[in-house]
Every structure is written in C-alpha cells, then in structure tokens.
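Trainee: Mind looking over this structure? Questions follow.
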Amino acid sequence: MRTQTLLTAYGCLLHDFGKIVYRAGGASGSHSHLGWESLKGLLPGEGWQPVLDCLRWHHAAELRRNSPPAENLAYIACIADNLSAAADRREIEGEGKTFIRDLPLSPVFLHMNGEHGGFSLPPFPQDGKLRLPLAGKAAVPAGRYADAEREIKAGFPGREAPDEVWLNSLLSLLESWASPFPSSTFSGESPDISLYDHLKTSAAIGCCISEYLLDQGESDFRGRLFDNEEKFREEPAFLLYSADLSGIQRFIYTVADGKALRSLRSRSFFLGLLMEHYLDELLLGCGLSRANLLYSGGGHCYLLLSNTPETIRAVEEWNRKFNDFLLDKFGASLFLAHGWTPCCGNDLINTPAEKTPYKEMFRRVSTAISAHKMQRYSVEQLLRLNQQDEGGSERECRICGRSSRLEGELCRWCQIFIDLSVKIQSKGVYLVSEEDTETPDFALPALDGTAYFTFTDESAARSRLKAGEAVRRIYTKNKSCTGFRYSTRIYVGDYAADNLLENLANQSEGIRRIAVCRMDVDNLGQAFVAGFEAPDASDSASKYHYVTLSRTAAFSRQMSLFFQLYINDILSGVFNGKKPLAVSIVYSGGDDVFLVGAWNDVVEAANRIEEAFSAFTCGALTISGGIGIFDDHYPIRAAAGRTAELEDRAKEEPGKNAVALFDPKESHTYIWKVFREQILMEKMSALQNFFTSSEERGNAFLYRLMELLRQSQAANGQINLARYAYLLARLEPPKGDPLRDAYREFADKMYSWALEQTDRNQLITAIYFYVYWNRRA
C-alpha cells in the first residue's frame, strides 16, 4: 500500500473511536475530540499525526472551524464517513442533544423484506458465540464501552508509525470490540449498522478515494472533496468488482470413492481458502486492504476498488494468472469469472433514488461476470487445455476420476486433500510463505511468484516469524491472533463428528443409515440487491432510504458469520446446551449447507439450523432444504445429486421455506413448522407412544396401513374407509386391557387423519419416520 492510502485506512478505521470513549461515560465533549484525546498519548510519533487528524477533524463543522491544510487526510475521512453513513452529519455525537448514549444495536435485518422491529442485540464482543436477538431494547451498560476502549487500546502494537503489517490485525480487533455497538445513537437514525461495519466501509471508501486522487496527482483534498463535494460525488472514482467461482459442486462431489468423506471436506475447505488467497492477492495488487472486501462466501465475492488504470491492469493480470493455475491443475472443472463496473459516490448512496443507481450498479457487474463466463479462455489457454499427454503415461485417479500422472492410485491433488483432512480439524493457523523452506502442504500462485501454504499451530508460526522467514500472510481459523504479522481471521464451518461414513451410520438410532442434507437461503440474491427497499413507500426517497453500502456489507458479514462460524456451535450443541450431533459439515458458506451424518441427527441438525436462522434474521429470511436417506455404501456423489433434487423440490413450494424428504418423486414436502409440529411432534409422536410396547406388531400394521394410504393418493384422494377401519379394529385390545383407552384415542386420531388429504400425506411421512426409528436393520 502507498503511504497516503495506508494512513487513510488507519484514519478511517479509527475515526469514530471517540464514540466508544464518549459512551463509556466519565468524559464530556464531542466524540471527535474525545477519540483524539484518548489515542494521542498512545500514538505519539509524527507518523501517527495524519491518523489522529482524521479522528479530530472528520466532520465538516470541525474542518470549517480549524481549516487544516488542503492536503490533510481528514478531508478524505470526512467524505468517506458521509458516504459510508449515507448521510451528511449535521450534529456530532457528544455535542448534540438528540443522541441516546446507551442505545443498543438492532439486527441488520430490521428493515429487510419489510419491518422487523422490537429486537436488539446483546452487547457482547464478537467472540464466536451465537447470540440471538432479544425482544425489546435493553440499554447498553457504559462498562461495555469501557471494556472495548481498554481492549482496543491494549491491542495497539506500540509502533512509531502505521504500517501495513498490522492493518489486518486492527480489522480483527475492531470486529471483536466494535461489532456489538451501533454506529449511530442519533434518535433520528436506525441503529442497525454496527460501529465496526461503518468504520470498515468508511475505510474502503476512503482508500479508494486516496488511490483515485494519487493516480491523478491531486493533493488539494479540501478543494476537490470538501469545497466541491457534490461535484466529486458524481465522479466515477470507484469500481464495484465481483468474482464467481464456477464448478464448485462438480469439483467437490465428483468423487468416485464411496468412502471419500475426508476428501469431500478437504476439497470444500480448499476452495474456501483458495478464494481467500485470490482476494488477498488481488487487494495486494490494487494497493488496498481487507477493508475493501464487502462480501465473500460460497465462491462469490464483492469488493470496492479504486477506478484507476493500474487497478484494472492488476485485476486483469491476476485473474488471468489464477485461471491459468486452475486450468493447469484441475482442467476445465474450475473457473473464476470476474467483472467490474465504474461507479460514483452517489451510486453508493443510491442518489438520485428514483433512478435506483445502487441496484443498477450490481446489475451491471452481474452482466460483466456473465459475459466473462461466456468467453472463458484465451486462445493460448484453449490450446493448453486440449493438449494430450504424448507419452501416454496418464492414468485415471481412483477418487476424482481425472486422468493424470498418479502417485500410486491417486493424482497429486487428491492425495493432498486426503492428507489435509486431519490437519483441517487439528490445525488452526495457515501460514503463507514466500519461501519453500519447509515442506509445505501445497502451493498456489501469487502475484509475483509462488505462495507456499503450511497448516500449523500458533507456536510454530511464531517461531517461523521470529526466525525471519518471508511470511506473506497468516490465516487464523475462527479466532483472532492480533500479534501475528499480516494476520487475517477467517471463519470456517468445520464441525465433524467423524470422517468416515461407516462410523456416522453406526451412530444412527433405529435403522442404520446416513442422511445427506442440503440447505439454501431463499431469495438471497434478491435480498442482497433489493432486500432493504420498502415496497409500500409512497415516494422514491422513502422506498430506498435503507439501501446503503454499509447496510449491504453488514448483512453480508452476518450471513458469513452464521454459515461459516455459528453453525459449529449449533451442531455441537454449545448453542442452547443441546447434545452434539453425529453429523459432519461437508460444506457451509455463503448461504448454503451440505451435511452428512447419522440419519436421525441430520434431521435434528436441519431443524436446529432452520430455527436458529429464523431467529437470527428476525424472520426476514427463510431457508429451504432437502434430506435424503441412504445406505453408507451408496456413492456420495449420487446422494448429493439426489438430495439436490429434493432441495429444488422444496424451493418449488409457494413461499419456499420448506423441506423435502426421502424421494423427490413422492409428496414429502412441507414448510418447516408443519414438519416439526404436525409430523414429528403430533403424528410421529402418536405412533411412537402407542406402539412403544409392541414394535413388531406396530411395524407390520403400519406397513399395511401405509399401503392403503398410498393407494388413496393414486385414487384422487379416495380412501377405502371400510378397509382402513378394519385394520384399526384389529389393533383393539380385549376388554379389561388397560390399553383400551389409549387405543380409542389413537384410533380416533388415525381415523380423523385419514379423512383429509393433507393429514393423510403427513401421516404417511410420519410412518416413514416411525419405521426408520424402529427398524434394526
């Protein structure tokens, strides 16, 4: 990063630190002054002065009063703050009287797909634990802010000047301690954007402006950004960049080995790490930081970049080099399409609202990606793709089926994935080195050479840093290690009860089977682009009032947290104190999940995820899924395909928000509430309670009953009630038997359920579950 942009990143990330100081109590004055006062002793070197200026003068009123030099970075911080908040600050927190100091943060889903008010988030640091929104608005104790102020200041490295090495650590530190609080406590604004999301988006915008002006040789920030702010907001200073990895499903699930769960999980994890590496190298080439990453998940990403010729050259060259690597190592199975579109400050804040420039910005970049997918390869790449092994020494890999020079029965990358399977769970630090000094786990291309990845632990990583190794960056899994150089915390859904399908099947209740579950958030694309629109608003300004870049970025971050971090606690039982489930995550990221495990625990896992997701999003979003049940020797790729059909079937339900079970050709699709309450809790429980004392008799009876019910489905809903009543009568205990009352209650329910088609369908599904739970083979 160039010095000016680096200083801008620090200045924008810290510009509102004074809000934490002010809300902690014990001090009066504007938050700008309080932030400056709090940090100036901690950052005494001359190198920190431009950063401190951003804290002290990032509001227009302060800039007018103090009139710093035209090249002062506070002018960049001011416009970045305004664009991030999509507001021109008329009052300053700590000076105005319309601020509520202890106002809690609301969920970012507050205004998504309608209004979902009445919730607030508990003010705890981002420590990896899932905490659901609370009903009501509990005040935030001043002590929470005092804790945050102390911990953030304690995390500073004590350097004489800002440096690029510590920037990612600062981002992690702020995510941990500034995420629980609202950016604005102004009574006239919605408190659904966290302070961290505002700081991060401000830094993204500020750094883009810095690079844009550096490219033009502009140093009169006051004249360009402050005196003529409205004019600058119309300049195309930014690029909205997006990339999409094609072939994920085929790459993960095209595995011919029936016992390939380890390989599946490793492949999934590798793709996630591959995307993280792509993004970090791209940002490095653009002279920016992770603050400019708006969203990454499920093989898709959005970044905010500066609109300069150097940026465009860097992204084109890096994407070409990256796809060369994919082509050489994996053939045409993986491809990273990308695209970008110029945009201005007004586009970022959706101005003018009636022209919906924010939505158009996303539409244009989507079109650019589609165009790249249609023309993937250059002539040189196509020639390389079609080259054949002249020596005829290639054989087919036993796992992936791809022809290659094998190491034993496996190609090199399938062997890597198997070797990584244990390390993924046991190692939480991923060191990326520029030196091939130790045996790396694998190597990936870098902008200027090769990046060597080693899965290790914190102690070994510190030793290698201390020895002076040329470490490019360090990824830490699900926790922050702020003392590391170039340290980035990444979230990984890696819960696994076992790595062998056979062992998972052995933990089943009832019949020995595994289940595969695939889940996907409903209408996420629409929510991402238009979810914050108010469809019933009377005018454009009201309709698009909540459509802002910060809100989109905050929403994206919460989705990543749920599917890449919180899901671990949901399945392990840490969340809500439930039992750990015999399931393993194959893939979880972006907006979808792939689970495999003991069949009954997979059903429980799906219910847990849906209930937690609904509460987490305040009902603003729904999720649909498919669950298929298989023998553990059934090919996993075939199971994945069949379950994908079930997931698609669930998506066909009106309103979606459903689960499809067993077989996509049968009628076992229900909204989640019906599945839980009317099938599992009502009908299945009734069967379980009545037949507890006579399992064999129950199974035999239910097979005959189910056949009769299924015949009625084929006969336009007409059931042979006489035959049905006869079957029920055969279960009646003799006079004097204590079970007669229970039988009458059971028979009445069974008869009433047979009369209505919806209940009949639910009863058939409940019988399926009862039989699975009570069979022993």
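The values are calculated or read from the model by the stated rules, or taken from the named source; none is laboratory data. In this text, all values refer to a predicted model and were calculated from it rather than measured experimentally. When we count neighbours, we look across all protein chains shown, and the Cβ atoms used for this are built from the backbone with ideal geometry, even at glycine. The area values use the complete protein model at the heavy-atom level, side chains included, leaving out ligands, DNA and RNA. Shrake-Rupley method; radii C 1.70, N 1.55, O 1.52, S 1.80 Å.
Trainee: Summing Lys, Arg as +1 and Asp, Glu as -1, what charge do residues with Cβ under 13 Å from the Cβ of Glu37 carry, Glu37 excluded?
Mentor: Working: positive: Lys40, Arg56, Lys153; negative: Glu149.
After counting each charged neighbour, the total is +2.
Trainee: Name the long-range amide H neighbours of Ala337: under 5 Å, sequence gap of 5 or more, or other chain; modelled H, no Pro or chain starts.
Mentor: Result for Ala337 returns Asp244, Ser246.
Trainee: Please compute the contact order of the chain in relative form: average sequence separation of alpha-carbon pairs under 8 Å and at least six residues apart, divided by the residue count, as a percent.
Mentor: Details: 1421 pairs, mean separation 94.5, N = 777.
Rounded, it is 12 percent for the chain.
Trainee: What is the distance in Å between the Cα centroid of the stretch 398-455 and that of the stretch 129-177?
Mentor: 35 Å
Trainee: Next up: With a cap of 12 neighbouring Cβ atoms within 10 Å, and only residues DSSP puts in a loop, list the trypsin sites (Lys or Arg not before Pro) found in the stretch 718-777. Each step should come with its number before you reach the end.
Mentor: Working: sites: Arg723, Arg730, Lys735, Arg740, Arg744, Lys749, Arg760, Arg775, Arg776; in loops: Arg730, Lys735, Arg775, Arg776.
Those satisfying the criteria are Arg730, Lys735, Arg776.
Trainee: Oh, and also: Of the listed pairs Lys329/Lys359; Lys200/Lys477; Lys19/Lys129; Lys153/Lys543; Lys137/Lys578; Lys479/Lys543, which have alpha-carbon separations greater than 30 Å here? Each step should come with its number before you reach the end.
Mentor: Details: Lys329/Lys359 37 Å; Lys200/Lys477 21 Å; Lys19/Lys129 25 Å; Lys153/Lys543 40 Å; Lys137/Lys578 28 Å; Lys479/Lys543 39 Å.
Check vs 30 Å cut-off fails for Lys329/Lys359; Lys153/Lys543; Lys479/Lys543.
Trainee: Explain nothing, just the number: relative contact order of the stretch 173-239, from Cα pairs under 8 Å at least 6 residues apart, as a whole percent.
Mentor: On the way: 40 pairs, mean separation 14.9, N = 67.
Once divided by the residue count of the stretch 173-239, the mean separation gives 22 percent.
Trainee: So in the stretch 543-681, what percent of DSSP beta bridges are antiparallel if you round to the nearest 5?
Mentor: Of all bridge pairs located within the stretch 543-681, approximately 75 percent are antiparallel.
Trainee: For Asp215, Asp324, give the ranking by accessible area with the largest first, probe 1.4 Å. Mind dumping the intermediate values first?
Mentor: Values: Asp215 80, Asp324 45 Å².
Result, largest first: Asp215, Asp324.
Trainee: If you average the C-alpha positions of the stretch 558-597 and of the stretch 29-59 separately, how far apart do those two centres end up, in angstrom?
Mentor: After rounding, the separation between the Cα centres reads 41 Å.
Trainee: Provide, for q = 0.20, 0.24 Å⁻¹, the log10 of I(q)/I(0) from a solvent-free Debye sum over equal Cα point scatterers in the stretch 109-150.
Mentor: Here the Debye-derived log intensity ratios amount to -0.76, -0.93.
Trainee: Exactly which GluC sites (Glu not before Pro) in the stretch 144-186 are in a DSSP loop and have at most 13 other Cβ atoms within 10 Å? All intermediate terms of the calculation are to be shown ahead of the outcome.
Mentor: Numbers: sites: Glu149, Glu151, Glu160, Glu164, Glu175; in loops: Glu160.
Those satisfying the criteria are Glu160.
Trainee: I've got another one for you. How much of the accessible area of the chain, probe 1.4 Å, is carbon plus sulfur, in whole percent? Provide the component values of the computation, followed by the final result.
Mentor: Values: 14450 of 30140 Å².
Answer for the chain: carbon and sulfur cover 48 percent of the accessible area.
Trainee: Then there is this: Scan (i) 42, 38, 23; (ii) 50, 33, 24; (iii) 92, 46, 27 for the value of semi-axes √(5λ) of the Cα gyration tensor in Å calculated from this model and give just the label.
Mentor: (ii)
Trainee: Any idea how far the Cα center of the stretch 609-670 sits from the one of the stretch 495-548, in Å?
Mentor: Taking the Cα centre of the stretch 495-548 as reference, the centre of the stretch 609-670 is 10 Å away.
Trainee: So how strong a dipole does the stretch 605-683 carry about its Cα centre when Lys and Arg Cβ are +1 and Asp and Glu Cβ are -1, to the nearest 20 debye? Kindly include the intermediate steps, with their values, before the conclusion.
Mentor: Numbers: 10 positive and 13 negative charges, 27 e Å.
The calculated dipole for the stretch 605-683 is roughly 140 debye.
Trainee: Using only Cα atoms, figure out Rg for the stretch 215-255 and give it as a multiple of 2.2 N^0.38 Å.
Mentor: Details: Rg = 20.9 Å, N = 41, 2.2 N^0.38 = 9.0 Å.
Taking N as the residue count of the stretch 215-255, the ratio is 2.32.
Trainee: Treating cross-link reach as a plain straight distance, find the aspartates and glutamates whose alpha-carbon is under 16 Å from the alpha-carbon of Lys683, omitting any fewer than eight places away in the same chain.
Mentor: In chain and number order, the partners are Glu745, Asp748, Glu756, Asp759.
Trainee: Next up: If you place +1 on the Cβ of every Lys and Arg and -1 on the Cβ of every Asp and Glu, how big does the dipole about the Cα centre of the chain come out, in debye to the nearest 20? Walk me through the intermediate numbers first.
Mentor: Numbers: 86 positive and 100 negative charges, 345 e Å.
Around 1660 debye, computed over the chain.
Trainee: Top to bottom by accessible area (1.4 Å), largest first, where do Glu316, Glu281, Glu230 land?
Mentor: I get Glu230, Glu316, Glu281, largest accessible area first.
Trainee: Also, quick follow-up: Dipole of the chain (Lys/Arg Cβ +1, Asp/Glu Cβ -1, origin at the Cα centre): which of Leu245, Ser67, Ala725 lies farthest to the positive side?
Mentor: Ala725
Trainee: Using only Cα atoms, what Kirkwood radius does the stretch 472-544 have, in angstroms? Working shown, then result.
Mentor: Working: mean 1/r = 0.0560 Å⁻¹.
Evaluated over the stretch 472-544, this radius sits at 17.8 Å.
Trainee: Please work out the ratio of the alpha-carbon Rg of the stretch 499-631 to 2.2 N^0.38 Å and round it to two decimals.
Mentor: Details: Rg = 17.7 Å, N = 133, 2.2 N^0.38 = 14.1 Å.
Rg over 2.2 N^0.38 Å, computed on Cα atoms: 1.25.
Trainee: Place a +1 charge on the Cβ of each Lys and Arg in the stretch 639-777 and a -1 charge on the Cβ of each Asp and Glu, then give the dipole magnitude about the Cα centre in debye, rounded to the nearest 20. Write down the numbers at each step before the final one.
Mentor: Values: 20 positive and 19 negative charges, 50 e Å.
Charge dipole of the stretch 639-777: 240 debye, to the nearest 20.
Trainee: Roll a 1.4 Å probe over the protein chains and send me the accessible area per residue for the chain in Å². Don't skip to the answer; put the middle values down first.
Mentor: Values: 30140 Å² over 777 residues.
So the chain comes to 39 Å² accessible per residue, rounded to a whole number.
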